[in-house]
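Notes to accompany the following structure.
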Amino acid sequence: MHYLLFMCQLLLATIFLLAGIGKLIFLEHFAATLRLSHFPDALVDLLKIFVPALELCLAAAILLAPAHLLSAVMSITTGVLIVFTMWMVWIVARGLHLSCSCFGTSGSHVNRRTIARNVLMIAVAVSGTLLSTRTSTPLLPSSIWTVITVVSTGFSVALLYALKHALPALALTMGKFLRPQTHTE
């Protein structure tokens, strides 16, 4: 049973880590999706930072939470997934055609399939919540060094991914070098 809990933790942590990093790298794409969802601009400015930060914190908490807090973390994860799914249902019900921006720009359009995917993730989170009340996780108790290692690895991966996508804009090509600069005064 405890390996089933581990699989729930690993799956959910991976999904939230990828989602948080994807949204941070393509922050303006995520903000545009929120604006097209008819959220007020002030709320968009808050959500575009809060949601990826929440996802990254949940990813770390799912893996690093002490045994006595794991069921609470899994319950919060379930609640967050329910809120995300309700947003998707609202988008489909309104007939809006939006990218979910779930994993940055690679997310699919919000439709019944994305809703079904989220329902499946809710089932995994509920299973993890129930399992965490009955059994312990096989993950070792975390230390401050484990937390530092996980967080710094996540940020390093995000930085390398962002650099990979920004490299074409950073590189000086011969065409850019030879192109005359125009100055406006």
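Worth a mention:
- Multiplying the residue separation of ARG94 and ARG112 by 0.36 nm and subtracting their alpha-carbon distance yields 5.2 nm.
- Annotation: extensible slack from LEU10 through ALA67 equals 19.0 nm (criterion: 0.36 nm per residue apart, minus Cα-Cα distance).
Any read-out appearing in this document is the output of simple, stated calculations on the displayed coordinates, not a laboratory observation. Bear in mind the structure is a predicted one, so any value in this text is a computation, not a measurement.
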